[in-house]
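Encoded as structure tokens, the structure appears first; notes follow it.
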Amino acid sequence: MNFLEQHIVNEGIILGDKVLKVDNFLNHQIDIVVMKQLAEEMKCRFAGVEVTKILTIEASGIAIATMLASLYGVPLVFAKKETTINSTDDKYTAESYSFTHQKTNVVSVSKPYLQAGEKVLIVDDFLADGYAMSALTDIVAQAGATVSGIGIAIEKGQQKGGSLLRSKGFHLESIAIIERMDHISNTITFKGQEPQPMRRKIGLCK
């Protein structure tokens, strides 16, 4: 197992066959050491790829994207899910369904922050059915920019997002790919590996 898979086994909690809780280190409480490792691994996997901007979607992908943008020395922009009082109509928009929140969001990036000709590396914490990534790749295309690659921390390989993006020709790199989660046996199976027992279970500290 790599470092992220080990963290998932040690600290993650399976809530269902499609729901993995990693609030302890990834998308609520942030483990900075893990974020740094994720950024370094993503930069390694996209070695030789030109990147002039990092793009993510609020909110959980921002921590990883910030670390990665620092390594590249390029700006980071994140797509917003809500319209605020100081937003303008001068923006790129796309629809994205959120499995976690069970609703469709209109996500947006203000046009000055994404320019034609830019080489964009898209980053996020999870990839499931691929709605968020499809929205972000659509926004990049609207801007006349190019997707240099897509970096994901945890891909749910049993769902369609990864295969859909790869079939479209995107360079997709996921640090941990889950093939199966079983909340009854409390085991998780990563791509090409045997099932692993989770250290934690819902309702228990250990």
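The values are calculated or read from the model by the stated rules, or taken from the named source; none is laboratory data. Quick caveat: nothing in here was measured; it's all calculated off a predicted structure. All Cβ positions, even for glycine, are placed from backbone atoms using ideal geometry, and neighbour counts span all protein chains on display. Areas reflect the complete protein model, heavy atoms only, side chains present, ligands, DNA and RNA absent. Shrake-Rupley method; radii C 1.70, N 1.55, O 1.52, S 1.80 Å.
Quick check on the range 134-141. Is at least one of its residues touching a Ser or Thr at 6+ places or on another chain (Cβ under 9 Å) and not in a helix (DSSP H, G or I)?
no
Inside the range 29-45, can you point out the residues that are open to solvent by 50 Å² or more (accessible area, probe 1.4 Å) and either touching a residue at least 40 places away in the same chain (Cβ under 8 Å) or under 14 Å from the mean Cα position of the chain (by Cα) (or both)?
E41, R45 - these are the residues of the range 29-45 that are open to solvent by 50 Å² or more (accessible area, probe 1.4 Å) and either touching a residue at least 40 places away in the same chain (Cβ under 8 Å) or under 14 Å from the mean Cα position of the chain (by Cα) (or both).
For a quick check of your reading of the model, give me the residue pairs whose first member lies in the range 12-25 and is in contact (Cβ under 8 Å) with a residue 40 or more places away in the chain, whose second is among the charged types (D, E, K, R) and crowded, with 20+ Cβ neighbours inside 10 Å, with beta-carbon atoms closer than 9 Å and at least 6 apart or on different chains.
From residues that are in contact (Cβ under 8 Å) with a residue 40 or more places away in the chain, the pairs are K18/K156; L20/K156; V22/D125.
For residues that are part of a strand (DSSP E or B) and farther than 16 Å from Q159 by Cα, scanning just the range 176-204, find the one that is most open to solvent (accessible area, probe 1.4 Å).
The initial filter retains those residues of the range 176-204 that are part of a strand (DSSP E or B), namely 176-182, 187-190, 196-197.
Filter again for farther than 16 Å from Q159 by Cα, leaving 187, 196-197.
Numbers: T187: 30, Q196: 50, P197: 82 Å².
In this case the residue turns out to be P197.
Being assigned to a loop (DSSP other than H, G, I, E, B) and buried (at least 18 other Cβ atoms within 10 Å of the Cβ): is that true of V51 here?
Spelling it out, V51 is indeed assigned to a loop (DSSP other than H, G, I, E, B) and buried (at least 18 other Cβ atoms within 10 Å of the Cβ).
Every residue in the range 130-156 that is open to solvent by 40 Å² or more (accessible area, probe 1.4 Å) and within 26 Å of F190 (Cβ to Cβ), please.
Taking the range 130-156 and keeping what is open to solvent by 40 Å² or more (accessible area, probe 1.4 Å), we get 131, 138, 141-142, 144, 146.
Of everything in the range 130-156, just one residue is open to solvent by 40 Å² or more (accessible area, probe 1.4 Å) and within 26 Å of F190 (Cβ to Cβ), namely Y131.
Keeping to the range 102-133, report how many residues are of a type in the set (A, V, I, L, M, F, W, C), within 24 Å of I178 (Cβ to Cβ) and part of a strand (DSSP E or B).
Here the count works out to 5.
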